[in-house]
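J.: There's a structure below that I have some questions on.
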Ligand SMILES: *Cc1c(COP(=O)(O)O)cnc(C)c1O
C-alpha cells in the first residue's frame, strides 16, 4: 500500500536547522544541484562530515539535517573551511546572476518567456535523485547542465517516480535481485510548485475514464528548472497514485498512462506556469502524446481542423530518437490505447477513431499495426534526429517506410552526436590540470579544438601519468571497500570476505566494462575463450584486471543468467584477485570507473549502439577507449587515440561476427593494448601510452562534450 507517508515524511524530513553564520550559505547551496559540478562543490559538503555524507548518499539536505551540532561548530570555527564555503557561495551567486543569454544567436527567439521545453521520461542529475535508469537519463541530465552553463533558456519536464529505478543486489549464487528505495521529496532539494497564493499547483489528465490529478515539484539544475509531475496524492484513486510509482517498472498499461501524464500533463503544467515554449523537444518518444495536447489546444483556441492544427504543432516540435532497433520503440496494442484515452480525447481533436489510430501507424488503416510513439512523433514534429552519424543513417533506413516514395538517403532524419558534461564527469585531479594548463575557463576552451589542443600539449607526461595513477589507486581502494562490504552483507566466508582487502593491483592494466546487461552489448564476448582470458589475467609480468558493473532488466532472465555466469568466477583463485563485479551500477560507480580505468571496453553488436556515452566520459579523464567501431566511436577513433575492435563488415551471420570480433578483441589486447601499456622508460613512464592519452584528450574532448551537443541542438534544431 502506498501511503502519503505523512508519518514517514515527518520522521525523515530534515529540520531546516539554523546553520552557524560562517556556514549559512551551505543551506542555499544545497537547494541547487549546481554544487554537483562546481569545482570543490561536492568536496565542501563531503568535508563537513565524510561519514554522514556517505550515509545520506551524497544528499546535502540530509547532510545538513543529520550532521551533529558539535561537528557543525567544529567546522564553523575552522577558518580554512569557512573560507571554502564562502568562495563556493560567491561563485554560485556569480553564476546565477550572469544574465548573458546564449551567445550563439542574436535574434533572441529563445528567451525565458519562450524557452525550449525539454521532455524526457528520466533524468540523471545526481545520484541522490534516483530518477534515471541509464544512458538516456544521464544524457538528459547532461543536456540540462550544459544548457545552464551556456545560458540557453530551457525548462525541463519529467515525472517524479516515488520508487525510481530498481537497485541491484546479487545473491551468493550470483542471481540478481531487485529492490526499490523510496524517493522522499521532503529530504531532497525539491520544492513543491505553488501558485501566487501559495496553493499547490495541480493539473489533471483524463485517463482510463478517470480524472487523474498530479502535483508538481521543481528541481533547480543551475539556471535550469526541472519540473516533475507526481500523482501520489490522496485525491487520486489508489491505482492512479501508482502512475508515477516506478521508472520502467510496471506493465504496458502503467507505461501508457505514465506517458499520457508526461506528455499531456506536462503541457498543461507549462500552461499553468504561464510558459509559452518556443520549441518542444521530445527526447525519445515517451513524451510524444504532448503533440496531441498541443493540437487540441490549437483547435480549441482557433476552431481549426486537426490538419490545420497539426501543421502549427509541427512548427514547434522536434524529436530525438535513441533506438536503432524497431523493437526498442514504444508501441501499444489498440485496446490499450482505447482503454486509456476513451473516446473523448479523439473527439476533442476532431478525429474519427480510425483517424486517431492512424496517428500511431506507419501504414494508414493497417489494423495489424500497433500504435507506435515513434511514428506519432515523426509525424507531429518538424525534425527528427538520431544521436550519432551512424545512428542517423540507421534511423533513415529503419523509418524509410514512413516515406515510401523516398530512398533511405532522402529520408529527412538528421543526427547530432551525443556528448557528456565535462564538469560533471572530469575528476577533480584532472580538472586541476586543465585549470593550470588550459585556463580557468577550460570548459569553454574545450569547444575550440585548436586552443584546447595547445593547452593540453602543455600538460607534461609526468603530471598526467602521476594524476592518473593516483586515480587508479583511488579506484582500487573503492573496489576493495565495496567488495568487502558486499561480501560481508552476503555472509560470505571470512576468508573470502577478508581477501577483498588485498584484491586488485594499482599498477596492473585495468579495464572497465560497465553497462546494461542487454543482449546487443555482448557481455559474453570476453568469455568466448576462457583460457585465453585467464592467461591475460594471470600473466606475471603483464597482468590485466577487469572491473564489471551493470544491471539486467528485471524481466530479462537471459541477461540475469549472463550475470550469474560471470559471478560464478568470483571464488576462482585464478580470477578473484583480478576481476570484480560491482553491484548496483549507478552514477556514483560510473564516476569512479570512468575517472580511473586505463581502458574502457565496449563490444556492442553493430550497428546497435545508437551512440554510447560512457566511453566519452572516460576519454575526458585520460582513459583510452577499446571498442567496436559503432555509435560515437566511429566518429571519435582516428587510429592513434585508442583501440578498435573488429572490422566493418556487416550483414554476416551474428554468430560469425561474434566469433571474429572475439578473436579481434583478444588479439588487439595481446598485441597492442598490453604491450603498449607495459612498455616503460627509465623513469617508469609508458611514453607511447601517455602519448595516446594526450591524443585522446586533444581529439575527443572538444567533439564529445555536451556543450558542443547543446550548441548544435540550439543552432540546427531549436532555431
Ligand atoms: C554514462 C552512463 C550510462 C550510459 O552508458 P553507455 O553504456 O555508454 O550508453 C549508463 N549508466 C550510467 C550510470 C552512466 O553514467
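J.: Determine whether residue 77 is within 23 Å of residue 50 (Cα to Cα) and either out of contact with any helix residue (DSSP H, G or I) (no Cβ under 6 Å at 6 or more places or on another chain) or within 16 Å of the ligand (Cβ to nearest atom) (or both). Spell out the reasoning first.
T.: Details: within 23 Å of residue 50 (Cα to Cα): yes; either out of contact with any helix residue (DSSP H, G or I) (no Cβ under 6 Å at 6 or more places or on another chain) or within 16 Å of the ligand (Cβ to nearest atom) (or both): yes.
In short, yes.
J.: Just checking, how many residues over region 340-368 are in a helix (DSSP H, G or I) and either crowded, with 18+ Cβ neighbours inside 10 Å or in contact with a strand residue (DSSP E or B) (Cβ under 9 Å, 6 or more places away or on another chain) (or both)?
T.: The first filter runs over region 340-368 and keeps only residues in a helix (DSSP H, G or I), leaving 340-341, 344-348, 353-358.
When the remaining residues are screened for being either crowded, with 18+ Cβ neighbours inside 10 Å or in contact with a strand residue (DSSP E or B) (Cβ under 9 Å, 6 or more places away or on another chain) (or both), the result is 340-341, 344-346, 356-358.
Adding up the residues that qualify gives 8.
J.: What are the pairs, 6+ residues apart or on separate chains, where a residue within region 131-148 that is assigned by TED's automatic domain parsing to the domain that holds residue 590 and at positive phi has its Cβ under 9 Å from a residue that is within 12 Å of the ligand (Cβ to nearest atom) and assigned to a helix (DSSP H, G or I)?
T.: Matching pairs, first to second residue: none at all.
J.: May I ask you to list the residues in region 643-671 that are assigned to a helix (DSSP H, G or I) and over 15 Å from residue 629 (Cβ atoms)? Before the answer, list the steps.
T.: As a first pass, look at region 643-671 and keep what is assigned to a helix (DSSP H, G or I): 654-671.
Within region 643-671, 654, 655, 656, 658, 659, 662, 663, 666, 667, 669, 670, 671 qualify.
J.: Test residue 250 against the stated conditions and say whether it is surrounded by fewer than 18 Cβ atoms within 10 Å (Cβ to Cβ), on the phi < 0 side of the Ramachandran plot and either touching a helix residue (DSSP H, G or I) at 6+ places or on another chain (Cβ under 8 Å) or touching a residue at least 24 places away in the same chain (Cβ under 8 Å) (or both). Spell out the reasoning first.
T.: Values: surrounded by fewer than 18 Cβ atoms within 10 Å (Cβ to Cβ): yes; on the phi < 0 side of the Ramachandran plot: yes; either touching a helix residue (DSSP H, G or I) at 6+ places or on another chain (Cβ under 8 Å) or touching a residue at least 24 places away in the same chain (Cβ under 8 Å) (or both): yes.
Judged against the criteria, residue 250 is a match.
J.: Being more than 16 Å from the ligand (Cβ to nearest atom) and modelled with pLDDT under 95: is that true of residue 410 here? Talk me through it step by step, then tell me what you get.
T.: Details: more than 16 Å from the ligand (Cβ to nearest atom): yes; modelled with pLDDT under 95: no.
No.
J.: Of the conditions (1) surrounded by fewer than 24 Cβ atoms within 10 Å (Cβ to Cβ); (2) at pLDDT 95 or above; (3) at negative phi, residue 325 satisfies every one except a single condition; which number is it?
T.: All conditions pass for residue 325, except number (2).
J.: Within the bounds of region 634-642, is there any residue that is within 12 Å of the ligand (Cβ to nearest atom), in a helix (DSSP H, G or I) and touching a helix residue (DSSP H, G or I) at 6+ places or on another chain (Cβ under 9 Å)? Steps first, please.
T.: Keep residues of region 634-642 that are within 12 Å of the ligand (Cβ to nearest atom), which gives none.
No, there is no match, as no residue in region 634-642 is within 12 Å of the ligand (Cβ to nearest atom), in a helix (DSSP H, G or I) and touching a helix residue (DSSP H, G or I) at 6+ places or on another chain (Cβ under 9 Å).
J.: Tell me which of these residue 266 doesn't satisfy, since it passes every other one: (1) out of contact with any helix residue (DSSP H, G or I) (no Cβ under 9 Å at 6 or more places or on another chain); (2) under 30 Å from residue 28 (Cα atoms).
T.: Going through (1) out of contact with any helix residue (DSSP H, G or I) (no Cβ under 9 Å at 6 or more places or on another chain); (2) under 30 Å from residue 28 (Cα atoms) one by one, residue 266 breaks only (1).
Results for (1) assigned by TED's automatic domain parsing to the domain that holds residue 614; (2) in contact with a strand residue (DSSP E or B) (Cβ under 7 Å, 6 or more places away or on another chain); (3) within 16 Å of the ligand (Cβ to nearest atom); (4) touching a residue at least 24 places away in the same chain (Cβ under 8 Å), shown as yes or no for each residue.
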{"site": "488", "(1), (2), (3), (4)": "yes, no, no, no"}
{"site": "495", "(1), (2), (3), (4)": "yes, no, no, no"}
{"site": "504", "(1), (2), (3), (4)": "yes, yes, no, yes"}
{"site": "508", "(1), (2), (3), (4)": "yes, yes, no, yes"}
{"site": "519", "(1), (2), (3), (4)": "yes, no, yes, yes"}
{"site": "527", "(1), (2), (3), (4)": "yes, no, no, yes"}
{"site": "531", "(1), (2), (3), (4)": "yes, no, no, no"}
{"site": "551", "(1), (2), (3), (4)": "yes, yes, yes, yes"}
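J.: Quick check on my filter: what residues within region 577-622 are away from the ligand (no atom under 12 Å from the Cβ) and either out of contact with any helix residue (DSSP H, G or I) (no Cβ under 7 Å at 6 or more places or on another chain) or outside any loop (DSSP other than H, G, I, E, B) (or both)?
T.: If we filter region 577-622 for residues that are away from the ligand (no atom under 12 Å from the Cβ), which is where we start, we get 577-581, 583, 596-599, 605-607, 621-622.
Those that are away from the ligand (no atom under 12 Å from the Cβ) and either out of contact with any helix residue (DSSP H, G or I) (no Cβ under 7 Å at 6 or more places or on another chain) or outside any loop (DSSP other than H, G, I, E, B) (or both): 577, 579, 580, 581, 599, 606.
J.: Is it true that some residue in region 94-115 is within 24 Å of the chain's Cα centre (by Cα), away from the ligand (no atom under 16 Å from the Cβ), modelled with pLDDT of 95 or more and closer than 21 Å to residue 245 by Cβ?
T.: Checked against the condition, which is being within 24 Å of the chain's Cα centre (by Cα), away from the ligand (no atom under 16 Å from the Cβ), modelled with pLDDT of 95 or more and closer than 21 Å to residue 245 by Cβ, region 94-115 yields no hits at all.
J.: Output yes when any residue across region 699-707 is within 24 Å of residue 386 (Cα to Cα) and out of contact with any helix residue (DSSP H, G or I) (no Cβ under 6 Å at 6 or more places or on another chain), and no when none is. Walk me through how you get there before you give the answer.
T.: So the first thing to find is which residues in region 699-707 are within 24 Å of residue 386 (Cα to Cα), and the list is 699-707.
Going one step further and asking which of them are out of contact with any helix residue (DSSP H, G or I) (no Cβ under 6 Å at 6 or more places or on another chain), we end up with 699, 703.
Yes.
J.: Still on this structure, please answer the following. Against the definition (within 16 Å of the chain's Cα centre (by Cα), in contact (Cβ under 8 Å) with a residue 40 or more places away in the chain and buried (at least 22 other Cβ atoms within 10 Å of the Cβ)), how does residue 588 come out, yes or no? Please lay out each step first, then the result.
T.: On the way: within 16 Å of the chain's Cα centre (by Cα): yes; in contact (Cβ under 8 Å) with a residue 40 or more places away in the chain: yes; buried (at least 22 other Cβ atoms within 10 Å of the Cβ): no.
In short, no.
The values are calculated or read from the model by the stated rules, or taken from the named source; none is laboratory data. If you're wondering where the values come from, they're calculated on a predicted model, not measured in any experiment. As a convention, Cβ positions derive from the backbone with ideal geometry for all residues, glycine included, and neighbour counts pool all protein chains shown.
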